1. What number of residues within region 127-162 are touching a Phe, Trp or Tyr at 6+ places or on another chain (Cβ under 9 Å) and on the phi < 0 side of the Ramachandran plot?
2. Kindly provide the set of residues from region 182-240 that are more than 16 Å from the ligand (Cβ to nearest atom), at pLDDT below 85 and in contact with a Ser or Thr (Cβ under 9 Å, 6 or more places away or on another chain), ordered by number.
3. Output the number of residues of region 159-172 satisfying the condition of being surrounded by 15 or more Cβ atoms within 10 Å (Cβ to Cβ) and under 14 Å from G130 (Cα atoms).
4. Pairs under 8 Å by beta carbon, first residue closer than 13 Å to S202 by Cβ in region 153-169, partner open to solvent by 20 Å² or more (accessible area, probe 1.4 Å) and among the charged types (D, E, K, R), six or more apart or different chains?
5. Pull up region 20-43, narrow it to residues that are closer than 23 Å to Y209 by Cα, hydroxyl-bearing (S, T, Y) and in a loop (DSSP other than H, G, I, E, B), then point me to the one that is most open to solvent (accessible area, probe 1.4 Å).
6. Only one residue in V87, V59, V11 is in contact with a strand residue (DSSP E or B) (Cβ under 7 Å, 6 or more places away or on another chain) and open to solvent by less than 60 Å² (accessible area, probe 1.4 Å), so which one is that?
7. With the requirement that a residue be open to solvent by 30 Å² or more (accessible area, probe 1.4 Å) and either in a loop (DSSP other than H, G, I, E, B) or farther than 20 Å from A3 by Cα (or both), what does region 207-233 give you?
Amino acid sequence: MDALAQRLETVRANIARAAQSCGRAPEEITLVAATKTQTDETIRRAIAAGITVCGENRVQEFTAHLAAGAYEGARVHFIGHLQTNKVKYIVGKVDLIHSVSSDKLLLAIQRQAEKLDLVQDVLLEVNLAGEESKFGLTPEQVLPAAELAAGLANVRLRGLMCIPPPSTGPGKNLPYFANLTQLAVDIRQKIGDNRADVVYLSMGMSDDYQDAVCAGATHVRLGTALFGPRPPVLTNLGRES
Ligand SMILES: *Cc1c(COP(=O)(O)O)cnc(C)c1O
């Protein structure tokens, strides 16, 4: 078995163990392979090894992999920061956008989805720790944004996503995950189940996914744990950036 297939097996076992330890079924958790900086070939190998969902960060990489047919056999989610002027490259081409970080982006997605006559599934990204370096709604902005989303005909709000600070040890990010879980409960209470189908919680990365699973994650986004250390990004000159 190659290293990628081996890591996938380990990750699956860890997810199953974490789920069972807190009374959840492993099938409730979708593993999203964070494929940023990976090649078409690596993506194809991951799918051959059993990956069913790829998560892309950058519009340019997504477009190139899509054109090359690298995602054949898997679904694709968009998990990176999305600029409003790039929504046309993403809306209708991915099953789920995890990273809706502003009302403005929500409205841009609505416009493009309406133009294409489809409904785009989205998550709202929440910046729980108030980190300046990160995108995302503040916890206070989440309910109003969910209200806005619930009124849009071509956007379906499915849940929430967060990228907490890097974990400093087992259990350290649990408060953030619990926080996100509670925000989803608040949305369901305020907005009601018939206007919003807020059931997804996209949380947990390579360092903290087992904790996220116990806190209720439905989607964990893993890069390093599956692919090993990320290849460096090469510029046009072939230098590392
Ligand atoms: C890169 C990335 C991940 C995966 O990070 P790892 O620590 O390598 O597992 C998850 N989510 C987002 C949004 C990312 O950009």
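The values are calculated or read from the model by the stated rules, or taken from the named source; none is laboratory data. Since this is a predicted model, take the numbers as computed values, not measurements. A quick note on method: Cβ atoms are made from the backbone with ideal geometry, for glycine too, and the neighbour counts reach across all protein chains shown. To get the accessible areas, we keep the full protein, side chains included, count just its heavy atoms, and leave off ligands, DNA and RNA. Shrake-Rupley method; radii C 1.70, N 1.55, O 1.52, S 1.80 Å.
1. Going through region 127-162 one residue at a time, the tally reaches 7.
2. L234, T235
3. Final tally of qualifying residues: 3.
4. Once the first residue is closer than 13 Å to S202 by Cβ and sits in region 153-169, its partners that are open to solvent by 20 Å² or more (accessible area, probe 1.4 Å) and among the charged types (D, E, K, R) give L157/D197; R158/D121; R158/D197; I163/K134.
5. Among those residues, the one meeting the criterion is T37.
6. That would be V11, the only listed residue that is in contact with a strand residue (DSSP E or B) (Cβ under 7 Å, 6 or more places away or on another chain) and open to solvent by less than 60 Å² (accessible area, probe 1.4 Å).
7. Answer for region 207-233, where residues must be open to solvent by 30 Å² or more (accessible area, probe 1.4 Å) and either in a loop (DSSP other than H, G, I, E, B) or farther than 20 Å from A3 by Cα (or both): D207, Q210, D211, C214, P229, R230, P231, P232, V233.
Residue-wise test of (1) hydroxyl-bearing (S, T, Y); (2) closer than 30 Å to S167 by Cβ; (3) in contact (Cβ under 8 Å) with a residue 12 or more places away in the chain.
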| residue | (1), (2), (3) |
| --- | --- |
| S99 | yes, yes, yes |
| S102 | yes, yes, yes |
| A108 | no, no, yes |
| V119 | no, no, yes |
| S133 | yes, yes, no |
| L137 | no, yes, yes |
| V142 | no, yes, yes |
| A146 | no, yes, yes |
